[in-house]
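Written below as structure tokens is the structure these notes are about.
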Amino acid sequence: MNVTTAFRNLDSHGQHRGPEVIRHEAAALEKRLARFRPDLVRLEATVSQARGKKRIQADLRLGLPSGVIAARSEGFETEPVLRKAFAALGRRLDRHLARLQRTTEWKRPTRRARIGRLLPSARDRAEADRRALYFDLIEDHLVHVYNTIRRELIYLEASGAVPANRLSVRGLVDATILNGLDRFEKRPSEFSVGDWLTRLAYRTIGAEARAARRALPDDAARLDDAPEAPAREPTEADQEMHEFYQPDDVLLLEDLVADEDGEEAETWMARREAALALHRALADLPALWRRIFLRLHMEDETADRAAVVLDLSAEDVARLAEAARAFLHQRLIEAGHAPDSADAALTDIPTHMAQIPQPLEYRDRIAAAMTGHGDERPHGAPDPAERADH
């Protein structure tokens, strides 16, 4: 490692101790840089003190083939200032080496195993009974919470309000359940358990969506990274290779035999295009308008009940629902649908909304966290066979 030092306006003690500290710390630093060729590593250390001032400043700059790392420290004595600067440089070097070794990727399975459970074991019997009581209250509403979060997250990602793949349905469901556990004894008396969980789900989604928008984008580039090479046009050899590996079109049996029980392809395509246009329009709605509209027209709730859940007045709910319907109607017409077709699509909204059962894995994790029994049924819960009959 090549070491370059510079000392400006230091007293005799600083001039004497500075080089000794730098040599000692540089030797310790060099052991962590064994993966790099010594002639490609350069350390620059500058220790300076303004004339007539007592404050000392140390600047370190470590040049590596993979980037440059810098650290700075200030104080009133040369040796402590240098050691503090080298400590900061060492921490940044560790993070840099971890990125080069992709530590976050190969250590990820260990982290997943550690966070696989919602909660640690209950501390005492009282906490265990509290969790079991909470699970008894929410168990029948888990599917509704799952579908509410799944639907809202899809719309937020489609509209660009949340970066794709930044949030997960499982993580949002877990956060909603944990938020409810913290405050279920203090839930408002005017709410049913289902409405209370729905309100918590909306608040959780809103908070996590705001945090996701403030987070650093996944494709953000470091300033000291080399720019990517511009894309090149495919050569003739590339095109020939692509065409060679393309599978041939194979005629399948269903292409020859007609399905007499199925609907006509034109009718199916028209219904599908109307559903897609409706979902695109729903994604463009403001979140509050969308929640009001879906609760009134998909879940057949009254304006008074939706107002309680969304913390609005019944008049505001009716007004926003009418505005949302007019917005959706106009969007469907702009998408090429006739006014009658747009009215029919808005009337048949429940047929376009799929209610998906909650994955058993999600429910088992919640049951294990709240009851302490992963494979056993909690006390008082119905048997799976009985649930299947319903």
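Note on the stretch 266-352: Kirkwood hydrodynamic radius from all Cα pairs is 13.2 Å, rounded to one decimal.
Packing, taken as the mean count of other beta carbons within 10 Å per residue, orders the peptides 317-324, 69-76 from highest to lowest as 317-324, 69-76.
Residue ranges 183-190, 363-370 sort as 363-370, 183-190 when ordered by packing (mean number of other C-beta atoms within 10 Å per residue, highest first).
At q = 0.11, 0.22 Å⁻¹ the log10 of I(q)/I(0) for the stretch 2-106 amounts to -0.35, -1.13, computed by Debye summation with a single uniform scatterer per C-alpha, solvent ignored. Positive end of the dipole of the stretch 2-106 (Cβ unit charges, origin at the Cα centre): among ALA71, PHE36, GLY18, the Cα lying farthest that way belongs to ALA71.
Spacing of the modelled spin labels on GLU233 and VAL143, each 7 Å from Cα toward Cβ, amounts to 5.7 nm.
Taken together, the values in this text are just the output of simple stated rules run on the coordinates, not laboratory data. These numbers come from a predicted model, not from an experiment. Cβ sites come from the backbone with ideal geometry, for glycine too, and all protein chains shown count toward neighbours.
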